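Okay, structure first, notes after.
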Amino acid sequence: MNCTYTYPTGYKIKKVFWTKNPVKSKETPDLSDDTEYSQRLQYLGDKQQNCTIRLSHVTQKDEHVYCFRFITDKPDGVWLGHPGVTLNVTDLQVESPERVTEGDSVRLTCKSSCALTDGATFIWYRNSQPLTERRDRNNQLLLQSVRREDAGRYSCAVHGHTYISPAAHLSVTYPPKNVSVSVSPSGEIVEGDSVTLSCSSDSNPPAEISWFKGGTTVGSGRIYSISKISSDHSGEYKCKSRNKHGEKYSDAVTLNIMYPPRSVSVSITGSGEIVEGDSVTLSCSSDSNPPAEISWFKGGTFVGSGRIYSISKISSDHSGEYKCKSRNKHGEKYSDAVTLNIMYPPRSVSVSINGSGEIVEGDSVTLICSSDSNPPALNFSWFKEDQSSAVGSGQSFSALQSGRFYCEAHNQHGSQRSDSVTVTGADRNVIVITTASGGGLFIIFIIIILFIMRKRRSVKTEDHTMKQNDLYSDVSQRVSEPLSEPDTASDALYANVKPSRFRGKLLNPEILRRCSTQLSNITERKRRTDQKTVNVNPPKNVSVSISPSGEIVEGDSVTLSCSSDSNPPAEIIWFKGKTTVGSGKIYSISKISSDHSGEYKCKSRYEDIDKYSDAVTLNIMFRCFSSVAVAVAAAVGVLLGGASGASVMYICLNKRMNRRSAMKESVISDPNEDTYTALELKSMTSDLYDTLSTVHPRPPGDSCTTLDPKHENPSIYVLLMSVRMAPRLPLIVLLMIHGVSGAGLGVSYSHSHICALKNSSVIMSCTYTYPTGHKIKKVFWTKGPVKGVEPPDLSEDPEYSQRLQYLGDKQQNCTIRLSHVTQKDAHMYCFRFITDKPDAVWIGRPGVTLTVTDLQVESPKRVTEGDSVRLTCKSSCALTDGATFIWYRNSQPLTERRDRNNQLLLQSVRREDAGRYSCAVHGHTYISPAAHLSVTYPPVNHVLSISPSGEIVEGDSVTLSCSSDSNPPAEISWFKGGTIVGSGRIYSISNISSDHSGEYKCKSRNKHGEKYSDAVTLNIMYPPRSVSVFINGSGEIVEGDSVTLICSSDSNPPALNFSWFKENQSSAVGSGQSFSALQSGRFYCEAHNQHGSQRSDAVTVTVMFRCFSSVAVAVAAAVGVLLGGASGASVMYICLNKRMNRRSAMKESVISDPNEDTYTALELKSTTSDLYDTLSTVHPRPPGDSCTTLDPKHENPSINRKMLQ
């Protein structure tokens, strides 16, 4: 507040001060005594007439009328300058629209509540950065064609003042741009992972975010999360950012989900019939990511790799089950097996002779034609050498004359002829002797074959082989064996047989008894077949064959042979059940007993590769002795047929009689409709049933019982055995028993209930019986028979025809295999057969009840780390076959967990044990649905990341992300130092400032615990601000001296470049943080760093001239005038000190204590170093000092007085 004051000559100033709002008749207070002003009030006046003051840091509370008052030493010399100075205090406000659209023009105004007294030059700031090009005396800022970059916080200031207005935010609205999608985690994504997609866009106002997979909307919001991702989520994703000004799509990102193989299947190119010589291609398809490696297996043997497996010129050796294995790094899966059934024409055609190749005149010999073909040969033609036309047809042929005969076998793929066999004729010579027993109970005919008197021709047979499983047995080689010991149990039967003579020789009953006993011990013996080993590595095609292959009776010798393809030959180990019983390719049992009954299998081992055969069952039968004396009755045969051999009858009661539980039926089906073929026993030697009979070699379970003449049950099986006598040996007899008829009808099942695993194969084993003399016309299986309704044949049902396989033989085995069973196959299944007798139609009911189960993993949903957990592989029924369970985690087998126990125990669970668990049964392809086991644990592995990761500058937007591994997911809290500042996985700071600098960390917490991350430091960069100049010493210097100016600022990084300027000069006068001023002037500095610059306010430096004492000059001049009387006035140059100009107080009558006066009492004699001197350095305004010419006629006497004092 500038002012001047005057007072009359002769007055002495006693006190000067300023006051506010003076009130008439009231004492005016001195503002320097007011605590609200004392620190802000500065007197700038001089000692004569200047009464200026400075009031600093004014606020609206300082709005008053301020007046200057001075007191002189005269009673009337008290003065108050009223009215004084009215002070209005204003701030600055930026007037701006809140929101403008990009491209518009906008005007911002820096407003004050009153017109600033000093001419103001306005400075504008955006986001605290000066817009230097906008400095103007106009208080308005015009932005033409606004860009989005013009948005920000605008403030204004007046040049030379530190005050900056509050910022006004200018929002520039514009449509979305820079739309992008980021994926977290950024690496490989595996099925079951959790994935987060984030959409970022630059728009104002903030845009609404929509998510799309392909062209389909799947969500909204900035974040799109997918938990437990699956392959169904694979595809292209993009986000759309939209506000009222427009919309924009991001570029698409692709989610490529990794998963193990599934839907593995095999297809056969050319799905029809495959004939030997064709080319066949197997294709394996699977769904997996990344694509899987494909391996091919025939049975359990690896045969190739690649998606395609081709076989050119296929042969029957290629027949079998094929499957492929699809494998990638995330798991593996097998396809279901497909069967290659190779068709080929007949081969290995041969003729076997039923009996000897020698026939007696009038008799016939049966020739049987056998062949290997697929399908089995049904047409056979018989030829006699040297004859062009066929002499017979059918699989068997009765030769009535001598000659060389051969057969031809035919199927739809071709034909082949056999080698020839020779049939030779002979004459007959027979004598009949009859002996009868007493009592009339039996009529016994004894026929004795006389010694052949005529020389017999030799029997020459080429390529003669006996049919191995024929019911008939040649006993000619056995009559010469030693006879057994007498059977005392049958001695009484022979007591009534009287001795007879044959050509004068007595036929003793003891001989007959011994002969009968020997014949009763004769059983079928089958020859062992040689099998060639195919050199293949590792072992495959492991199988067991039994010799003999028919019924095994206690006391027999049995040989089991194990064959396998391996190279080098594999080690063979034999098992009965689970117990090791031997080793080597052959396992022999001599004098077999019932203790040897059971399941046998062999294991073929090479190095670490094991392959087991299927199990075969040995069912040991008890011997059946004839309970009735054998009588000789061959005379009947001779009289009726002239046969060279008689027949012996063994009577056995079959235990199948006890098993019959089926019912008779009256309807006989047409045999031609039977898929299995009607069992015409004379012509079935090489049909489907022959080949299948070796697959399930279960004995019929027959047993024999002693026949008592008084036996109540007349249903007895009569087995006829053809006997050919060697020359010169007596022939035994035929027993005729009154009241004995054929056996009954019946079906017996091995299991009445079967529990099978889904997609497995089921074998339903059964046997059936029918009376002698009946002829089987049709056999088949049916399901769920209903009384009174014709049961359907399952082989004609399209749901079963491709899955049903008949494994039975032509006598009593009716076993079937049903493949790929599902829950729809859960029924009761019954076997039915039809004979050629009207009353001999039978169905085995109740049959086999089949239950099909899947597997389910029973597991707790959630366990805590460190607990123990038990997982159970459950089925809806107990599996019939002993099951070995395999466990999988995330589709990978836990090989160490294979066990017969259906439970998996995880002790002290770890977080790594979490995953999808499934189970399977060893040897089956079916795998249960997966059950997810979640392991809960406290937070671990904290990671705190900053985005962007580089240098952070004031005004940027910064995002802190906290990630931690925990289950359940943790709650996230954010801390700056020890103060909580936010929550959630993301902590964002927009328009960051230096106030946000500091250490940040996050805390992750769930119900199991909590954990802090390591701290990260936000170091915010900003340009210089609060730049000021500090004067080292006084602002006043004497000519020739210098003063040091120091520039200080607040910036990050610290300012390193400083420039010094003198007002009214365009170029810098110096650099560096300090500057030495050598001349008067107003100086300021500018501080710089890489983020900007700012200038300080100016400070004044005054350079003083060196002057002589004005008093001495005045005295000298006075003396000169008085003493010298100069004719002209002397002119004196007085160097007036600026302190003289500032004195403007009047003399006062009361002189106060100089120490108590803020301004100091103006004792003119002693004011050379008072407060006003010191103030000149604090406020270095130009002193205005000057040297003026002193004229004696100067109007102001005070100067003269002062000069003269």
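The values are calculated or read from the model by the stated rules, or taken from the named source; none is laboratory data. This is a predicted model, so every value here is computed, not measured. Glycine gets a Cβ as well: all are built from the backbone with ideal geometry, and neighbour counts include every protein chain shown.
Inspect all residues belonging to segment 982-1003 and state whether any of them is in contact with a Phe, Trp or Tyr (Cβ under 7 Å, 6 or more places away or on another chain), part of a strand (DSSP E or B) and without any contact (Cβ under 8 Å) to a residue 12 or more places away in the chain.
yes
What are the residue pairs meeting all of these: first residue in segment 588-612, first residue part of a loop (DSSP other than H, G, I, E, B), second residue surrounded by fewer than 17 Cβ atoms within 10 Å (Cβ to Cβ), Cβ atoms under 6 Å, and 6 or more apart or on different chains?
Close Cβ pairs (under 6 Å, with a partner that is surrounded by fewer than 17 Cβ atoms within 10 Å (Cβ to Cβ)) amount to SER590/SER557; LYS591/GLY555; SER593/GLU554; SER597/ASN619.
Taking the residues in segment 66-88 that are free of Cβ contacts under 8 Å to residues at least 60 places away in the same chain and crowded, with 18+ Cβ neighbours inside 10 Å as candidates, determine which candidate is nearest to LYS20 (Cα to Cα).
Looking at the filtered set, the residue picked out is CYS67.
Hey, among the residues in segment 838-863 that are in a strand (DSSP E or B) and of a type outside the set (A, V, I, L, M), which one's surrounded by the fewest Cβ atoms within 10 Å (Cβ to Cβ)?
Once the filter is applied, the top-ranked residue is GLU858.
Give segment 1-49 a look and list any residue that's among the β-branched types (Val, Ile, Thr) and under 20 Å from HIS82 (Cα atoms), or say none.
Passing the criteria: THR4, THR6, ILE13, VAL16, THR19, VAL23, THR28.
From the set of residues in segment 593-620 that are out of contact with any Ser or Thr (no Cβ under 7 Å at 6 or more places or on another chain) and hydrophobic (A, V, I, L, M, F, W, C), which is modelled with the lowest pLDDT?
Across segment 593-620, the extreme among qualifying residues is ILE609.
Among SER171, SER96, SER155, which is the only one that is among the polar types (S, T, N, Q), surrounded by fewer than 17 Cβ atoms within 10 Å (Cβ to Cβ) and touching a strand residue (DSSP E or B) at 6+ places or on another chain (Cβ under 9 Å)?
SER171
Can you pull out the strands (runs of 3 or more DSSP E) entirely within segment 75-161 that have at least 1 residues that are hydroxyl-bearing (Ser, Thr, Tyr) and not assigned by TED's automatic domain parsing to the domain that holds SER203?
Passing ranges, in order: 99-101, 106-111, 122-126, 152-158.
Output the number of residues of segment 795-829 satisfying the condition of being out of contact with any helix residue (DSSP H, G or I) (no Cβ under 9 Å at 6 or more places or on another chain), under 13 Å from ILE763 (Cα atoms) and not in a loop (DSSP other than H, G, I, E, B).
Qualifying residue count, segment 795-829: 1.
So PRO261 fits all but one of (1) farther than 30 Å from SER934 by Cβ; (2) in contact with a Lys or Arg (Cβ under 9 Å, 6 or more places away or on another chain); (3) not in a loop (DSSP other than H, G, I, E, B); what number is the exception?
For PRO261, the failing item is (1).
Hey, does segment 175-186 have a residue that's part of a loop (DSSP other than H, G, I, E, B), in the same structural domain as PHE212 (by TED's automatic domain parsing) and more than 30 Å from ILE123 (Cα to Cα)?
yes
Given the condition over 24 Å from the mean Cα position of the chain (by Cα) and on the phi > 0 side of the Ramachandran plot, answer yes or no: does some residue in segment 933-945 qualify?
no
If TYR1022 satisfies every condition in (1) more than 29 Å from SER947 (Cβ to Cβ); (2) among the hydroxyl-bearing types (Ser, Thr, Tyr); (3) in contact with a helix residue (DSSP H, G or I) (Cβ under 7 Å, 6 or more places away or on another chain) but one, which is the exception?
The failed condition is (1).
Return only the number of the condition from (1) surrounded by 15 or more Cβ atoms within 10 Å (Cβ to Cβ); (2) in a strand (DSSP E or B) that VAL943 does not satisfy.
The single condition VAL943 does not satisfy is (1).
Scanning segment 568-587 for residues that are part of a strand (DSSP E or B) and not hydrophobic (A, V, I, L, M, F, W, C), which turns out farthest from ASP556 (Cα to Cα)?
By that ranking, first place goes to GLU571.
What do you reckon, is GLN1073 modelled with pLDDT of 75 or more, under 60 Å from the mean Cα position of the chain (by Cα) and surrounded by 13 or more Cβ atoms within 10 Å (Cβ to Cβ)?
For GLN1073, the condition - modelled with pLDDT of 75 or more, under 60 Å from the mean Cα position of the chain (by Cα) and surrounded by 13 or more Cβ atoms within 10 Å (Cβ to Cβ) - is not met.
Of the residues that make up segment 1055-1066, is at least one more than 60 Å from the chain's Cα centre (by Cα), at pLDDT 90 or above and within 27 Å of ILE1020 (Cα to Cα)?
The answer is yes; a qualifying residue exists.
Search segment 757-779 for residues being touching a Lys or Arg at 6+ places or on another chain (Cβ under 6 Å) and assigned to a strand (DSSP E or B), and hand back the single one that is nearest to SER875 (Cα to Cα).
ILE763
Are there any pairs, at least 6 apart or on different chains, whose C-beta atoms fall under 6 Å, with the first in segment 909-921 and farther than 27 Å from TYR334 by Cβ and in the same structural domain as CYS873 (by TED's automatic domain parsing) and the second modelled with pLDDT of 90 or more and part of a strand (DSSP E or B), and if so, which?
As it stands, the answer is VAL909/VAL863; VAL909/VAL869; VAL909/VAL935; ARG911/VAL935; ARG911/TYR937, since those pairs meet every condition given.
Have a look at THR959, THR936 and point out the one that is surrounded by fewer than 16 Cβ atoms within 10 Å (Cβ to Cβ), part of a strand (DSSP E or B) and not charged (D, E, K, R).
Residue meeting the stated conditions: THR959.
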